[in-house]
Amino acid sequence: MTIREGIQSLKQISVREIRRLCLNPLYFFCMIVAPIGSLFFLMTLMQDGLPTNLPVAVVDLDNTSTSRQLIRQLDAFEQTSVAIQCASFEEARREMQKGNIYGIYHIPKGFQREASSGKRPKLSFYTNGSFLVAGSLMFRDMKTTSVLAGGAVGLRIGEAKGYTTAQIMAQIQPIVIDTHAIGNPWLNYSIYLNNAIMPGLLQLLIFIVTVFSIGTEIKERTSRDWLNMGHGSITVSVIGKLLPHTVIFTAVGGGICAILYGYNAFPLHSGWIPMLVAMFLLVIASQALGVFMISVLPTVRLGLSLASFFGMLGFSICGLSYPVSAMYPEFHAVSYLYPLRHYLLIYIDQALNGRELVYTWGEYVWLAGFLLLPIIMRRYLKNAMLYFHYIP
C-alpha cells in the first residue's frame, strides 16, 4: 500500500467512524456531555475553594466571660459556625449521631477559675472522622482556638507576676512558626481536586469509549469491512478509526484546561504549552491502553469491565491523596502503568511549581511510550477482528 493509498484509507475510515459516532447517542454522552457536565458540576460544587460555616456544637459547663469569649473566637473562624449550644455532652453526642453537626467543643466546669489560678484545665473537642474534609477543617479550628486560649491565660498570669510581654511570649511561644503553603497557598480544594479528577475522568471515559468502539465492531461482525477499508493494515485501520475520537477528546481536554487555567485562573506557572501537550499525550496514551485492553479481551462485556476496573483504580493509585512512595512496592510500580500518574507529575512540576522542562521530560516520554502497546498487540487484535467468534 502506497502512502497516498494509506492517506485515502485513513480518510475513508475516519468518515465511516464519524457516521457511527453520529448514529449512536452513547458516544455523544460519553465524549462530550459527561466530561463537560462533570466539569461544571465540580467547579460549581467547589467554587468557594473551601467549605464554610460547618456546624459545631458547644458544651459550655463553665458559663463565664472567658468561656463565652472562647465560643465567640471559635465562631469567628470562616470554616466553623457554632450552630448549637448544648447543656450536656450527651445531648451534643446525639446531635452528632443525627448528622446535624460535625464536631463538639467541650469547656469543663471551673475552666476560668483553674486557668486564673495557674492550673491546667482541659479543653476537649471531638470531630466526626467519617467526614474527612469537614472533620479535618473543624479539628484545625478548634485546636487553634484552644492554643490561643492557653496563650491568653499564660499572658494574664505572667502580667500578674510582673513579667514583661517579651518575657511572657518567650515562655508561651519559644519557637515562632512561619508557615507557607507552596503551590496552593489558598488551600483551595478546587485547585487540589479538580486538576486531578477531571483528567482522571477523561482517562476513564477514553478507556471505555475506545474499548466499546472496537469491541462493537467485533461483536457486530463489521470488523472485516473496517479492516478491508484499510487494505488489510491493522495500523491504518486503528489510526483511522480513533482519529475522530482523538480530535474530540483533545478538544474536550483543551476546554477543561481553558476552564481550569483560564476562566478560574488556577496556577499555571510554566504557560499553556506544557499542559496542552500533556493533555494531548494523556488522550492518545489512554487510547493506546484502550486498544491494548480490547486486544487482550476482545469481548465488549469483558473489555468494558477491564476498562472500568482499571480506570477507577487510577484515581486511588495515581498518588493524588495518598503518596505513591508510601505504598507497597508492587503498587508503586503499578502506578506508572497509568497515564494519569505521569500527567499529574507534569501538572505538579509545570503548572504548580513552574520548574524547568528538563525536570519533567521523562514523564512526557512515559506518556508517549504507551503508544508501543497497540504495536505489541496488533497481531492479536487483527486475529480477533478476522476470526474471533463473539459469544453473548
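Carbon and sulfur: what percent of the chain's accessible surface (1.4 Å probe)?
Details: 13090 of 20920 Å².
Summing carbon and sulfur atoms, their accessible area is 63 percent of the total for the chain.
Please compute the Kirkwood hydrodynamic radius of region 252-392 from all pairs of different C-alpha atoms, in Å with one decimal. Please list the in-between numbers first.
Details: mean 1/r = 0.0603 Å⁻¹.
Taking the inverse mean of 1/r over all distinct Cα pairs, region 252-392 comes out at 16.6 Å.
Per residue, how many Å² of accessible area does region 47-111 show with a 1.4 Å probe? Mind dumping the intermediate values first?
Working: 3320 Å² over 65 residues.
Per residue, region 47-111 has an accessible area of 51 Å².
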Counting DSSP beta bridges with both ends in the chain, the antiparallel % (nearest 5): 25
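So how much slack lies between Asp225 and Ile36, counting 0.36 nm per residue of separation and subtracting their Cα-Cα distance, in nm?
Working: separation 189, 0.36 × 189 = 68.04 nm, distance 3.35 nm.
My answer for the length gained is 64.7 nm.
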17 Å Cα-Cα reach of Lys122 towards aspartates and glutamates, excluding residues that sit fewer than 8 places from it in its own chain: Asp60, Asp62, Glu114, Asp141
Phe280 versus Val365: modelled label distance in nm, points set 7 Å from Cα along the beta carbon direction: 2.0
Table column - 3J(HN,Hα) (Hz), region 127-142, Karplus curve with 6.51, -1.76, 1.60, x for Gly and Pro: 10, 8, x, 5, 10, 4, 5, 4, x, 5, 5, 5, 4, 4, 5, 5
Whole-Hz ³J(HN,Hα) from phi, Karplus 6.51 cos²θ - 1.76 cosθ + 1.60, for region 4-9, glycine and proline x: 5, 5, x, 5, 5, 5
Surrounding net charge for Ser88, when Lys and Arg each add one and Asp and Glu each subtract one, Cβ distance under 15 Å: -2
Amide proton proximity set for Leu54, modelled H, under 5 Å, gap of 5+: Thr80, Ser81
Residues whose placed amide H lies under 5 Å from that of Phe125, excluding near-sequence neighbours: His106
For Gln85, distant residues with modelled amide H under 5 Å away: Val58
Cβ-based net charge around Leu357, under 11 Å, with every Lys or Arg adding one and every Asp or Glu removing one: -2
Total charge dipole magnitude, the chain, about the Cα centre, Cβ charges on Lys, Arg, Asp, Glu only, Debye to nearest 20: 700
Pair-distance profile P(r), taking every C-alpha pair of the chain, with 10 angstrom steps and integer %: 4, 18, 22, 18, 14, 10, 7, 4, 2, 0
Separation in nanometres of the label points that stand 7 Å from Cα toward Cβ, at Ala326 and Ala181: 1.8
J(HN,Hα) series, region 27-44, from Karplus relation 6.51 cos²θ - 1.76 cosθ + 1.60, nearest Hz, glycine and proline x: 5, 4, 5, 6, 8, 10, 5, 4, x, 5, x, 5, 4, 5, 5, 5, 5, 6
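The values are calculated or read from the model by the stated rules, or taken from the named source; none is laboratory data. Since the model is a prediction, treat every value here as computed from it, not as a measurement. We place every Cβ from the backbone using ideal geometry, glycine too, and count neighbours over all the protein chains shown. Each accessible area value is taken on the protein alone, full model and side chains, heavy atoms only, with ligands, DNA and RNA left out. Shrake-Rupley method; radii C 1.70, N 1.55, O 1.52, S 1.80 Å.
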